[in-house]
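The values are calculated or read from the model by the stated rules, or taken from the named source; none is laboratory data. Keep in mind that what you see is a predicted model, and the values were worked out from it rather than measured. Note that each Cβ is placed from the backbone with ideal geometry, even for glycine, and that neighbours are counted across all protein chains shown. Protein only, heavy atoms only, side chains kept; ligands, DNA and RNA dropped before computing areas. Shrake-Rupley method; radii C 1.70, N 1.55, O 1.52, S 1.80 Å.
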Amino acid sequence: MPGDVFSEDEYERRIERTKERMREEDLDALVVSDPANMNYLSGYDGWSFYVHQAVVVTAERDEPVWIGRGQDANGARATTFLSEESIYAYSDDHVHSPYDLHPTDYFAEVLEALDVDDGRIGVEMDAYYFTAKTYTRLKSNLPEAEFEDATLLVNWVRAIKSDEELDYMRQAARISENAMAAGLDAVGEGVPEYEVAAEIYDALIRGTDDFGGDYPSIVPLMPSGDHTGTPHLTWTDRRFEEGDPVIIELSGCRHRYHSPLARTTFVGDPPEKLSETSEIVVEGLNAAIDAVEPGVTCEEVEAAWRDVISSYGIEKEERIAYSMGLGYPPDWGEHTASVRPGDTTELQEGMTFHMIPGIWQDDVGTELSETFHVTSDGAEVLADFPRELFSTR
């Protein structure tokens, strides 16, 4: 039942906070196509985001409506708190149709039935699953409507986590610990990269003795050897060799909530320069974590990291953390606050971030990360895993 994940009261609070933002933007309706935002507002959970779907919130209606493919309507009944009157399904001839049919045509019919076809409608213009054709078909079908870009409206509402959400992120952290241990244990000279990936996936899905895991929004990332400066590579048939640095970034997932974790290991005895670089990364991350508290800006937290690494003559331009939590492929990030110079977002209690600083030089590179929760007096790091350079020696 949907209530097994969150209570209906939890969804009502989320919807009201979203409506407050809608009133600020003078929106009559909001069409949400980001699957994480759909889940956040309704509980809907299914691998159906490859077809057009949406959750619509209107200013006048208490309950959102779900719009999706006919065969996915039972998924909405199974995973959401919505009444039957709030579930709208389009026929299958709209799916990848060679005819002049598109699911957004049905979206327009629903918006007309909701009496917002001539109102101000917010759409997520930069969401992964909101296509250019979706936008043009909505505009052509609803010529009296005024469309506004509301890409991050729900994302900013999501930035402050409830106690229930934090509990799931803590559970995800337990899964991350198990998966990281499995991955590190599997790395060794002559071991194929895919074997390590298999051990990580096994741990991610098996979870813990008390609960299982879900598929993460991002696959385990495992750059190694000469490619450790390229952070978003996965795995290949290549076998690890003596002298390989290996970066592992992964996340446990629990009811779509994540707690990413990254560590670096070395096949053999790490060179002194890599060990020293790793110590700098740990020192800088610790300083940044210590700087976290409500009211501090993102750029002030980054400055604590930068002060440490600059004392060693090292410069790094990239952001070191970002707001995250609930997610679907291809990302667990919320696309809101980033810990980097120029981001003056003030930290608030209940925010959660993935802090992933790293240092890559010409011949060595190391990465280490933690997921943390902003509390009333600092940062709660969700995972309990040693902050050090690992090795197979």
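A few comments on the model shown:
- Using the Cβ-Cβ distance between TYR99 and LYS139 with R0 = 25 Å, the FRET efficiency computed as 1/(1 + (r/R0)^6) comes to roughly 0.75.
- Residues of type aspartates and glutamates that LYS316 reaches as a straight line, Cα spacing below 14 Å, ignoring anything fewer than 8 places off in the same chain: GLU299, GLU302, ASP307, ASP362, GLU367
- Hydrophobic long helices, here whole DSSP H runs in the chain with Kyte-Doolittle means of at least -1.0 and Cα atoms spread over 30 Å or more along the helix axis, are found at 163-186.
- For ALA78 and GLU109, a Förster radius of 22 Å and the Cβ-Cβ distance give a FRET efficiency of 0.35, rounded to the nearest 0.05.
- For region 1-68: Kirkwood Rh in Å [reciprocal of mean 1/r, alpha carbons]: 12.4
- R0 of 22 Å, Cβ-Cβ distance TYR312-ASP377: FRET efficiency to nearest 0.05: 0.15
- Length-normalised contact order of the chain in % [C-alpha pairs under 8 Å, at least 6 apart]: 14
- The chain - percent of accessible surface contributed by carbon and sulfur, probe 1.4 Å: 43
- Cα-projected label distance for SER275 with GLU349, points at 7 Å along beta-carbon direction, nm: 4.4
- Potential lengthening between ASN286 and ALA59 on full extension [0.36 nm per residue; Cα-Cα distance subtracted]: 77.3 nm
- Kirkwood hydrodynamic radius of region 156-202, from the reciprocal of the average inverse Cα-Cα distance over all distinct pairs: 12.5 Å.
- Dipole moment magnitude, nearest 20 debye, the chain about Cα centre, only Lys, Arg, Asp, Glu C-beta charged: 500
- Length gained on full extension, ASP185 to ASP331, computed as 0.36 nm times the residue gap minus the Cα-Cα distance: 49.9 nm.
- Label separation (GLU195 vs GLU12): 5.6 nm, computed from points 7 Å beyond Cα along the C-beta direction.
- With the simple model of a label 7 Å out from the Cα in the direction of the Cβ, VAL296 to ASP202 spans 4.0 nm.
- In summary, the aspartates and glutamates within cross-link reach of LYS139, defined as a Cα separation below 18 angstrom excluding same-chain residues under 8 places away, comprise ASP28, ASP100, ASP105, GLU109, GLU112, ASP115, ASP117, ASP118, GLU124, ASP126, GLU148, ASP149.
- Cα-based convex hull, region 175-313, per residue volume (Å³, whole number): 132
- Taking the alpha carbon gyration tensor of the chain, multiplying each eigenvalue by 5 and rooting it gives semi-axes of 41, 23, 19 Å, largest first.
- Overall, the anisotropy analysis places region 33-151 in the rounded class: the square-rooted eigenvalues a ≥ b ≥ c of its C-alpha gyration tensor yield a/c less than 1.5.
- Over region 267-315, the ratio between the Cα radius of gyration and 2.2 N^0.38 Å evaluates to 1.35.
- Gain upon complete extension [PHE385, THR131; 0.36 nm per residue less C-alpha separation]: 87.4 nm
- Region 145-223 and region 316-369 have Cα centres spaced 15 Å apart.
- Of all DSSP beta bridges in the chain, antiparallel share, percent nearest 5: 75
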